[in-house]
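J.: Before I ask anything, here is the structure I am working with.
Nothing in this text is a laboratory measurement; each read-out follows from the coordinates by a stated rule. Not measured: the values here are computed from a predicted model. Glycine gets a Cβ as well: all are built from the backbone with ideal geometry, and neighbour counts include every protein chain shown.
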Amino acid sequence: MGCISMKLKKLGMNSWFKDHARKSCATDHQIARVMVVDRGQYTVRSEHGDVPAKATRKFMKATTSSIDMACVGDWVCMDNPGSQEYASIHAVLPRKSFLRRKSAGKGTKLQMIAANIDVIFIAQSCHYDFNVSRLERYLMMATEGHVAPVIILTKTDLVTTDALQQLITEIRDEGITARIIALSNVTGTGLNQVKESMEFGKTYCLVGSSGVGKSTIINRLRGDDTLRTQTVSTSGEGRHTTVRRQLFVLEQGALLIDTPGMREIGILAVNDGRTDDNFSDIQDLALQCRFTNCGHRKERGCAVLQAIEEGTLHLERYQNYVKLKTESEHNEHLSSHKGRKTRPSGHVIHHVRKRTSKS
């Protein structure tokens, strides 16, 4: 494979993917990026334009998990469709980054959201949707997939300036340091900040609950009304419109992935310390505990529990930390010991509540 063409650079191709393509693709294969995933059907874009595509039977038989199948943002090796109705996908290149979650239910099945993303835009409404605990789940998803997070607070026109500042303070008080952009789709405030943060050839992914204004944001960034939107209800709550995952190339050369709203954000078995990375304030306190193996439950000399008693660490943040940590360990345990369960987090929070209520 020779030099990277400008058409592929505009799709986010770089030397890292080029090297992997050389190893994964046959000499007669084309390199393409997955632009749309809709009910198992793909639209991919190569130097020669967009074509519908399907995975070959050989490739599907070789995959051991649904997460190995192509998802939006993936780079794939495909043959030249020629006169065929569909191009054939023979391989998916390794992913440099990704967004995935645990599927709904009690199992540990994973669901890919998007691949090869540089930045995730996490949209939350200032009005009905604001939830710091859910925001921390999105941040864990970003950390697990090696994606840089940016928080977008939407519908700022529905709250006062003081109320907006209070929401930002609430986020910062929880130890979240990601950049925050306040945006109104009605007034356009904050839209330029989003545009200016996006760079040529880099891929961005917009996630959030249904109705927070994601489709309207993309329409404004694209300068058209490609994505269907619906008027918000009298409560200010938006209505779900996006039904498929799709990658757009914006005018300034950045790439943006739109995703359907997520009702549930299941945490995976993040057993390499990344759960702790999202709660660095608690980890800093843990270093001050009397015992190095402190469980932060009811041990004497626990700096974490002391911080809760003194009011320097919010009980709600600690509870969310315990819940996410236990959920991650539980899913890890299920993956390696199917059918067995770990001890739930409720007993941990009960001890802390009992202790702090006495102070």
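J.: Could you please report the charge total around S5, scoring K, R as +1 and D, E as -1 over all other residues with beta-carbon less than 11 angstrom from its beta-carbon? Kindly include the intermediate steps, with their values, before the conclusion.
T.: Numbers: positive: K7, K9, K10, K18; negative: E47.
So the surrounding residues net to +3.
J.: Calculate the translational D of the stretch 6-92 in whole µm² s⁻¹ from Stokes-Einstein, where the hydrodynamic radius comes from the Kirkwood formula applied to all Cα pairs, the temperature is 20 °C and the viscosity 1.002 mPa s.
T.: Details: Rh = 13.0 Å.
After rounding, the answer is 165 µm²/s.
J.: Follow-up question, since we're still on this one. N131 to H48: FRET efficiency via 1/(1 + (r/R0)^6), r the Cβ-Cβ distance, R0 56 Å, to the nearest 0.05? If you can, show how the numbers build up before the last one.
T.: Details: r = 44 Å, r/R0 = 0.79.
Between N131 and H48 the formula returns 0.80.
J.: Please give the length that would be gained between W16 and L287 if that part of the chain were fully extended, namely 0.36 nm times their separation in residues minus their C-alpha to C-alpha distance (nm, one decimal).
T.: Details: separation 271, 0.36 × 271 = 97.56 nm, distance 3.79 nm.
Fully extending the segment from W16 to L287 adds 93.8 nm.
J.: Treat the count of other C-beta atoms within 10 Å as a stand-in for reagent exposure and order V150, V72 from fewest to most.
T.: On the way: V150 20, V72 28.
Taking fewest neighbouring Cβ atoms as first place, the list is V150, V72.
J.: Based only on other Cβ atoms within 10 Å, what is the fewest-to-most ordering of D28, D50, D281? Could you put the intermediate results ahead of the total?
T.: Details: D28 8, D50 12, D281 19.
Lowest count first: D28, D50, D281.
J.: Wrap a convex hull around the Cα atoms of the stretch 82-163, take a quarter of its surface area, and give that in square nanometres. Mind showing how you got there, number by number?
T.: Details: hull surface 37.6 nm².
About 9.4 nm², averaged over all directions.
J.: A follow-up question, please. If you take the beta carbon distance between I4 and T312 as r and set R0 to 45 Å, what does 1/(1 + (r/R0)^6) give as a FRET efficiency, to the nearest 0.05?
T.: Working: r = 51 Å, r/R0 = 1.14.
Efficiency computed from Cβ-Cβ geometry: 0.30.
J.: In whole angstrom, note down how far apart the Cα centers of the stretch 1-59 and the stretch 146-194 are.
T.: 35 Å
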